[in-house]
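Visitor: Handing you this structure, nothing more for now.
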Amino acid sequence: MNFQELEKRVVAFRDERGWAKYHTPKNLAISAAVELGELLEHFQWEGDEEIREAVKDRAKKEAIADEIADVMIYLTLLAHELGIDLDEAVERKLEKNGEKYPIRD
Ligand SMILES: [Mg+2]
């Protein structure tokens, strides 16, 4: 699924439920941050090795994947509400990053 397909699916999902009225840019940005907090709860107090070990457990890995997906869904909705094309935005930002941080020999 590319960003455009993802946008179509999450917008359809929320419109079918009548949630669009709650999805102001501010609310969506806050919601993305809240979901990022939920993701970080999985890492709080854990070392890098403990985290790598923990995701070998399927349920734990799925719980983390769920939070990553929640963040992606809210950011996709935020971009939609602001008229931002995510395919273009990510491509453009990668180009900027490449110019800012050139590959060194
Ligand atoms: Mg969540």
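Visitor: I need the peptides 4-14, 63-73, 47-57 ranked by packing, meaning the mean over residues of other C-beta atoms within 10 angstrom, with the highest value on top. Intermediate values should be presented prior to the final figure.
Guide: Numbers: 4-14: 14.2, 63-73: 15.7, 47-57: 10.6.
Packing proxy ranking, top to bottom: 63-73, 4-14, 47-57.
Visitor: Give me the percent of the accessible area of the chain that comes from carbon and sulfur atoms, probe 1.4 Å, all protein chains in place.
Guide: Numbers: 4610 of 8310 Å².
Here carbon and sulfur together make up 55 percent of the probe-accessible area.
Visitor: Given a cut-off of under 8 Å on Cα pairs at least six residues apart, what relative contact order in percent is computed for the chain?
Guide: Working: 55 pairs, mean separation 44.2, N = 105.
Taking the mean separation of contacting Cα pairs over the length of the chain, I get 42 percent.
Visitor: What aspartates and glutamates sit close enough to Lys56 to cross-link, taking a C-alpha to C-alpha distance under 20 Å and skipping anything fewer than 8 places away on the same chain?
Guide: Those aspartates and glutamates meeting the cut-off are Glu38, Glu41, Glu46, Asp48, Asp66, Glu67.
The values are calculated or read from the model by the stated rules, or taken from the named source; none is laboratory data. Quick caveat: nothing in here was measured; it's all calculated off a predicted structure. Counting neighbours? That spans all protein chains shown, and the Cβs are built from the backbone with ideal geometry, glycine included. All accessible areas refer to the heavy atoms of the entire protein, side chains included, with ligands and DNA or RNA removed. Shrake-Rupley method; radii C 1.70, N 1.55, O 1.52, S 1.80 Å.
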